[in-house]
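What follows is calculated from the coordinates using simple rules that are stated; it is not laboratory data. Because the structure is predicted, anything quoted here is derived from the model rather than measured. FYI the Cβ positions are ideal-geometry reconstructions off the backbone, even for glycines, and counts take in every protein chain you see.
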Amino acid sequence: MGALVAVSVPVGGEAQASRPTGLELAGLPVAKVDSDEGFTYGALAAVYHYGDGTRAPYLWTVQPELQISTEGRRDITLFIDAPHVLPEGWRVNGFLGLERRVFTPYYGLGNEAPYDEALEDPDGPDPHYYRFGRLRRSAIFNLQRRVGGSPLWALFGAGLVTTEVDPSPEDQGSTLFMAEFGPTVETYWTNYLRAGLIWDTRDRETGPRRGAWTEVVVHWVTESLGADLEFTRWSVTDRRYFSLTDRLVFAHRFFLQGVTGDAPAHQLQRVQTSFKQGEGLGGSSTVRGLPKNRFAGKGMLVWNTELRLRLFDFEAVGRSLHFALSAFLDQGRVWAEEVRPGELLSDLHRGYGGGIHGGMGENFVVSVSLAHSDEAKLPFYVTLGYLF
């Protein structure tokens, strides 16, 4: 279960429900129990600048985050997004992060990776058999350019990323990661360039009611930028939104990713999108209901469907608030090596559940979800925004 308190404070500008103006501060002190991270505490915050309210979704936002958990999460991150600071038709965003996971899940590679609960006895010699340690430091920059006056955008990006991998976190016994890759602590630079095309016809960016958000992104990790390895990650994502009634929306996401080259195992848990990155397969950003990172491989498929019902809207402290419910079915699979098109709809792992979403304005949304799968009873998630 979790305890959350959120605040939203307008700073200057006129408080309008439909079109906020000026600066707005939103905060979320966090004290929650997450099925993947254990007891977590910290704070999420966001500053939005809406200007005169004529440009959606905002002129810019700055979103710092601090999260610390009993399962070894130590995150300090900063995300910046500026759709309207550069000349018209340009958008820039960036990410700075120090992300430590003392106990990162790893169950092996492939769609049939086994799990034996007896190998991870908290009172035994190997209490974290299905875990390894990971410390990632990132500085990431993305630039988007609209193609003419169309919904098509071109994406260009670069990143400096270093990751330290500890096969035996805190020297607490043997692990599967150690058995497969050896006991040595390794540090990798995976600096990269990336490019892509994005087709975006959504009516709004947070909680869309109609439209499409489709993208193709290619990510090159190259020694010419100081990386220690060379590999390529490509991804195709198609998201669709359909208004069934004024308050009921059907949302759908299909995601396919492949990795070629000399990618280390921890990089196969990365889920690439044009906006913010995720992890999987399994957990709050891919297949809810499965344990986090339950399956990994060079190929990954994620297929999400949701029904979203906006219950009611009201005004408080000069801001518009709303609550919504959702029901979802998530599916996915991985391939240890390359994606096999003939197997896209076979041997899928599934999770299903529902959530409640509280929003302040249209951009700051807190989501609380419960899920179920064959491998977990009721995983619990608290996140910002909708899954997609």
Per residue, the convex hull volume that the Cα atoms of the chain enclose (Å³): 135
Qualifying trypsin sites (Lys or Arg not before Pro) in region 294-388, DSSP loop, other Cβ atoms within 10 Å at most 11: Lys377
Net charge dipole size for region 83-209 [Lys, Arg +1 and Asp, Glu -1 on Cβ; Debye, nearest 20]: 1280
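Magnitude of the Cβ-charge dipole of the chain, K/R +1 and D/E -1, about the Cα centre, nearest 20 debye? Don't skip to the end; give the middle numbers.
Details: 37 positive and 47 negative charges, 317 e Å.
Dipole magnitude for the chain comes out near 1520 debye.
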Positive-end residue of Ile68, Phe388, Gly353, charge dipole of the chain with Cβ unit charges: Phe388
Residue among Arg288, Arg19, Arg101 with the largest mean-square fluctuation in a Gaussian network model of the chain, springs linking Cα atoms under 10 Å: Arg19
Whole-percent pair-distance distribution, where bins are 10 Å wide, for the alpha carbons of region 257-346: 15, 37, 25, 14, 8, 1
Kirkwood Rh (inverse of mean 1/r, distinct Cα pairs), region 139-230, angstrom: 16.3
Lys/Arg +1, Asp/Glu -1 at C-beta; the chain dipole; positive extreme among Pro57, Pro105, Gln269: Pro57
Selected from Gly108, Gly89, Gly258 as most flexible by GNM, with the chain as the system and alpha-carbon contacts under 10 Å: Gly89
For Ser224, net neighbour charge (Lys/Arg +1, Asp/Glu -1) across residues whose Cβ lies under 15 Å away: -3
Selected from Glu164, Glu71, Glu343 as most flexible by GNM, with the chain as the system and alpha-carbon contacts under 10 Å: Glu343
DSSP-loop trypsin sites (Lys or Arg not before Pro) across region 121-157, with at most 11 other Cβ within 10 angstrom: none
Options Phe242, Ser224, Tyr130, ranked by Cα towards positive dipole end of region 71-384, top entry (Cβ charges): Phe242
